[in-house]
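The values are calculated or read from the model by the stated rules, or taken from the named source; none is laboratory data. Not measured: the values here are computed from a predicted model. Here the Cβ positions follow ideal geometry from the backbone for every residue, glycine too, while neighbour counts run over all protein chains shown. The protein model used for the area step is the full one, side chains on, heavy atoms only, and it has no ligands, DNA or RNA in it. Shrake-Rupley method; radii C 1.70, N 1.55, O 1.52, S 1.80 Å.
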Amino acid sequence: MKKYLLILGVLGTLISCQKTNPNYQQEAANPEFLIRAEVMLTESIIHDIFAPPVSSRIYMYAGIAGYEAAVPGDKAYKSLVGQLNGFEKIPTPEPALEYCFPLASTRAYLAVGKKLTFAQEMYVEFDKKFEADYKKIGIPSDVYERSIAFGDSVAAAVLRYAGKDHYKQTRGFRFTVTNLPGTWTPTPPAYMDAVEPFWNKIRPVTLDTASQFRAPTPSKFDMTQGSPYYKEVMDSYLTVKNLTDEQRNIANFWDCNPFKMNITGHAMFATKKMSPGGHWLGIVGQVSRQLKKNYMQTAEAFALTSIGIFDGFIACWDEKYRSIRIRPETIINASVDKTWIPILQTPPFPEYTSGHSTISASAAEILTALYGDGIAYNDSTEIPYGIPPRKFTSFLQASDEASISRLYGGIHFRPALDEGAKQGKKVGQHILAKIKTH
């Protein structure tokens, strides 16, 4: 009997050894795991129809969690603790124990993303497949469980940090339409309330204040023929009336409207898409894969780019609800041509500055610093919406195109694009100067 038990013990040991892969650390450090996590988070954000600023908040905290849980595994990288506003503490691993930090990282990223979204049922099958793929690698069970626990502890710390950013305090506040000449009013077809009118009260991650990079005061509302404002209005009006096919394609490619209302007869239904921030984080995943970036480089790019998008939205929204600028559709229909319709659906918030221009410039500035200038790539993020990929020669070219797309779409005046891009560039440069990841 003892001999039989000894044989069983030896067999059990051999089976256990066979399941443990000596190269598990390298295989678990495949950045595709993190890219898949970001894609999953984007799908849940689209499902829940979060507004662009709110989406940026979700991406940002998930990105920070993913980065922080990976940092202990690479001595070349520094924690963001002490570098972000109010971010003062994060768990550290036990020095004498072994961890799989990429596993902890993806766990932290997803844990934060799930906590900040509603569509929990979407993750059920994804989590099963994700866990199965990690288990196939052959991570020792004790290391696996310890890494999962560490990822959860990092996620919990980041969520505590998120809980102090004043987001909850701004829920339910509504914007009062003034009806003053030249100011924003709800637009067709849904005439939705203004989105996130108190977003400038949210704690920035790196900015000193929401107005640190304040845009110039827009031109005075004056429809006198020949006035600067009149010229802006006519520029938008005539641009849309004379669009080329390529300009129309550009407008549709960068639409990024998370909740487009469609009207057919008496029926109204919504089309859901990714937000501008989701589009740019999709670019991060695609280019990281193209350039064969390692896990830490990819985690760094997701974290810093999402921070740039988040702080960019805060700076932009601060100006939007200071100037409360009327949209082209409203003033053109009232004073120029009542039959004029923009190519894109007008978003439910004031016009100046352009959110897409601001966050695209910020993201491009950061990605250029991380991955280099002149990085050519195919952007295929819009394929799920029936829009073919577009080729770009650099991140900056893409951000310029994203910006001008808002003029082609008929939802902005040109100064909102120009000043938004300047604002976003300053935000991106500020983040690169303030945050040191190495």
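Residues whose amide H lies under 5 Å from that of ARG390, counting only those 5 or more places away or on a different chain, are ASP379; hydrogens are built 1.01 Å from N in the peptide plane. Rounded to the nearest 10 degrees, the inclination of helix 101-115 to the longest alpha-carbon principal axis of the chain is 50 degrees. Each Lys and Arg Cβ is given +1 and each Asp and Glu Cβ -1; about its Cα centre, the chain then shows a dipole of about 600 debye. Using all C-alpha to C-alpha distances in the range 23-88, build P(r) with 5 Å bins and read off the rounded percent in each one. Per 5 Å bin, starting at 0, the Cα pair percentages come out as 3, 14, 19, 21, 17, 15, 8, 2, 0. With the convex hull of the Cα atoms taken as the outline of the range 225-356, the averaged projected area works out to 10.8 nm². Along the chain, the exposed loop sites are chymotrypsin sites (Phe, Trp or Tyr not before Pro) outside DSSP states H, G, I, E and B with at most 14 other Cβ atoms within 10 Å, and the longest stretch free of them is 192-438. Semi-axis lengths, largest first, of the ellipsoid equivalent to the range 99-203 are 42, 17, 9 Å, with √(5λ) applied to each eigenvalue of the Cα gyration tensor. Among GLY63, GLY182, GLY410, the largest mean-square fluctuation in a Gaussian network model of the chain, built with springs joining Cα atoms closer than 10 Å, belongs to GLY182. Taking every protein chain into account, the accessible area of the chain amounts to 44 square angstrom per residue (probe 1.4 Å).
Residues of the chain were split at every exposed loop site, defined as trypsin sites (Lys or Arg not before Pro) in a DSSP loop with at most 12 other C-beta atoms within 10 angstrom, and the longest piece left, sites excluded, is 339-435. Output the 0 to 90 degree angle, nearest 10, between the alpha-carbon long axis of helix 414-434 and the longest principal axis computed from the alpha carbons of the chain. Roughly 30 degrees between the two axes. Across the chain, Cα pairs under 8 Å and at least six residues apart give a relative contact order of 21 percent.
Ignoring ligands, DNA and RNA, please state the percent of accessible area on the chain from carbon and sulfur, probe 1.4 Å. Carbon with sulfur: 56 percent of the solvent-accessible area. Pairs from the list LYS78/LYS115; LYS260/LYS338; LYS201/LYS293; LYS164/LYS292 with a Cα-Cα gap above 28 Å: LYS201/LYS293; LYS164/LYS292. Note on LYS272 and LEU180: with the Förster distance fixed at 45 Å, the Cβ-Cβ geometry gives a FRET efficiency of about 0.85. Mean separation of Cα pairs under 8 Å and 6 or more residues apart, divided by the residue count, gives the range 100-215 a relative contact order of 29 percent.
Along the Cα-to-Cβ line of LEU291, 7 Å from the Cα, sits a label point; which residues in the range 361-394 have backbone N less than 16 Å from it? 362-379, 392-394, by backbone N distance to the label point.
Place a point 7 Å from Cα of PHE221 in the direction of its Cβ. Which residues in the range 311-327 have their backbone N less than 14 Å from it? Those under the cut-off are 321-327.
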